[in-house]
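Taking it in order: structure first as structure tokens, then the write-up.
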Amino acid sequence: MEYGLIGEKLSHSYSPLIHRCFGDYDYRLYPMEKEEMEALLRERAFRGLNVTIPYKRAVLPFCDGISDTVRAVGSANTLVNRQGKLTAYNTDLGGFLFMLQKGGITLTGKKVLILGSGGTSLTAQAACREQGARETVVVSRSGPVTYEDMYRRHTHGEVLINTTPAGMYPQTEGCPADLSRFPNLIGVADVIYNPARTRLLQEAESRGIPHIGGLWMLCAQGWYAARLFTGADIPEEKLEKAYRAVRSQCLNLVLVGMPGSGKSTLGRLAAEKLGRRFVDIDGEIVSRFGPIPEIFARQGEAAFRAMEAEVIRKTAKESGLVIAAGGGAVLREENRLFLRQNAVVAWVQRPLERLSTAGRPLSTGPETLRRMEEARTPLYEAAADFTVLNDGTPEEALKKLTEGLDEGIGD
């Protein structure tokens with residue numbers, strides 16, 4: 001063993017992908033039980049390890065040295081073996097602070113609300129001490145400050161940090177706090193990185209509050225660990241590369257727009273070019289429930305919208321897809337939230353006179369289309385990260401689509 005990650009369950013870890021961006025060293029995942037972990041640390045047949053749940057504290061008795069950051073946080077996530085001497089470090093704190101910096105959020109002089117009291121909460125608390133927060137309030141279901149207490153006594157908090165799993169894949173509907181009850185918020189951070197835009201972050205975005213998700217923390221803690229492993233001054237450009245590599249692998253490309261605007265055609269072309277799987281939401285509805293005109297004729301639009309929402313909820317939780325959403329998918333706020341949670345969203349626009357209307361129950365004439373476009377335009381704008389004007393050849397629109405995706409991946 002050279003380098004790797006030890007923990008109990010590691011099947012969805014991005015760590016090998018991240019570390020490939022930092023250097024030419026062997027880095028692997030090593031899921032193991034507690035007895036195996038203890039035997040490994042006694043033998044010390046490795047050069048360096050990252051440590052995750054549930055062993056961040058359990059590794060400390062096996063170490064010869066402990067860094068000041070480990071003492072400040074109370075746990076370790078990085079072990080370095082130097083000639084048989086094992087030293088424990090914590091790069092989570094550095095990663096957390098880097099995440100806040102990327103989000104334009106500072107804790108200095110602020111009242112900070114930390115949701116959750118587990119290991120990552122300890123990291124956030126250490127960050128509050130390091131940056132000089134005016135007041136730190138730790139909120140948990142059964143601690144000294146409960147969520148009810150928070151809403152009664154602490155709604156004037158200025159920065160809110162989520163360290164709980166609320167909203168994490170696969171239960172992405174969860175949101176740990178109602179931001180409408182915190183009028184003084186100037187920053188929201190969520191350590192969750194899957195999905196990229198949790199419900200909490202989407203609510204912060206809709207309110208114009210500076211916000212940041214946990215992927216920068218994940219990548220930055222790996223960057224700091226890689227520096228400890230190799231002793232090399234790995235440039236920040238490689239951290240940016242790691243961030244983009246993970247985003248490129250996990251984010252969906254979602255196409256929204258008017259019926260007949262070319263979303264399915266462009267989606268198939270993009271999927272082929274990018275080597276991704278293509279999912280047409282309307283096609284999925286047809287395969288599961290039957291032809292869409294028949295659904296409208298027999299059960300009505302409301303029944304169709306319920307079927308559409310069910311398919312979107314399931315599909316949008318996946319990663320690395322190209323998804324073409326139906327023209328009316330944006331009508332439901334819940335659909336917009338699901339489509340945006342783990343995606344770069346493109347609004348495909350086409351002149352009304354060029355929209356295809358064949359087999360589309362609601363596209364019955366020019367005036368109907370005009371009214372539909374007028375009503376839906378604000379919803380497409382709210383859902384989309386960028387627009388693609390599809391008024392030329394498919395190849396021209398595809399070029400704009402992939403350029404927009406590439407820019408979105410880097411955000």
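One line per residue, one yes/no per condition, for (1) surrounded by fewer than 15 Cβ atoms within 10 Å (Cβ to Cβ); (2) among the charged types (D, E, K, R); (3) not in a loop (DSSP other than H, G, I, E, B):
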| site | (1), (2), (3) |
| --- | --- |
| 97 | no, no, yes |
| 107 | no, no, no |
| 129 | yes, yes, yes |
| 144 | yes, no, no |
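Listed here are the residues, each with its yes/no results for (1) of a type in the set (S, T, N, Q); (2) in a helix (DSSP H, G or I); (3) open to solvent by 50 Å² or more (accessible area, probe 1.4 Å); (4) more than 18 Å from residue 410 (Cα to Cα).
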| position | (1), (2), (3), (4) |
| --- | --- |
| 184 | yes, no, yes, yes |
| 197 | no, no, no, no |
| 221 | yes, yes, no, yes |
| 229 | no, yes, no, yes |
| 242 | no, yes, no, no |
| 246 | no, yes, no, no |
| 258 | no, no, no, yes |
| 261 | yes, no, no, yes |
Matching option when the condition is open to solvent by 20 Å² or more (accessible area, probe 1.4 Å) and in contact with an Asp or Glu (Cβ under 8 Å, 6 or more places away or on another chain), among 2, 43, 38: 2
Test: residue in the range 227-235 that is touching a helix residue (DSSP H, G or I) at 6+ places or on another chain (Cβ under 9 Å) and under 17 Å from residue 17 (Cα atoms): yes
Residues of the range 270-308 satisfying the condition of being touching a residue at least 60 places away in the same chain (Cβ under 8 Å), of a type in the set (D, E, K, R) and more than 21 Å from residue 258 (Cα to Cα): 273
Options 72, 76, 58; residue that is assigned to a helix (DSSP H, G or I) and touching a helix residue (DSSP H, G or I) at 6+ places or on another chain (Cβ under 8 Å): 72
Condition check for residue 257: among the small types (Gly, Ala, Ser), over 26 Å from residue 77 (Cα atoms) and modelled with pLDDT of 95 or more: yes
Boolean, residue 395 is assigned to a helix (DSSP H, G or I), under 16 Å from residue 262 (Cα atoms) and either open to solvent by 20 Å² or more (accessible area, probe 1.4 Å) or touching a residue at least 24 places away in the same chain (Cβ under 8 Å) (or both): yes
Helices (runs of 4 or more DSSP H) (entirely within the range 283-384) containing at least 2 residues that are under 24 Å from residue 215 (Cβ atoms) and touching a strand residue (DSSP E or B) at 6+ places or on another chain (Cβ under 9 Å): 301-315, 333-340
Some residue of the range 63-71 being within 27 Å of residue 241 (Cβ to Cβ) and more than 25 Å from the chain's Cα centre (by Cα): yes
Tally, over the range 109-127, of residues that are open to solvent by less than 10 Å² (accessible area, probe 1.4 Å) and part of a helix (DSSP H, G or I): 5
Condition broken by residue 401, with the remaining ones in (1) over 22 Å from residue 294 (Cβ atoms); (2) assigned to a loop (DSSP other than H, G, I, E, B) satisfied: (2)
For residue 83: the one exception among (1) surrounded by fewer than 22 Cβ atoms within 10 Å (Cβ to Cβ); (2) of a type outside the set (Gly, Ala, Ser); (3) in contact (Cβ under 8 Å) with a residue 60 or more places away in the chain: (3)
Answer residue from the range 328-348, given it is open to solvent by less than 10 Å² (accessible area, probe 1.4 Å) and more than 21 Å from residue 169 (Cα to Cα) and is modelled with the lowest pLDDT among those: 328
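The values are calculated or read from the model by the stated rules, or taken from the named source; none is laboratory data. Just so it is clear, the model here is predicted, and its values are computed rather than measured. Quick reminder, even Gly has a Cβ in these numbers, built from the backbone with ideal geometry, and neighbours come from all protein chains shown. Remember, those area values only see protein heavy atoms, side chains included, never the ligands or the DNA or RNA. Shrake-Rupley method; radii C 1.70, N 1.55, O 1.52, S 1.80 Å.
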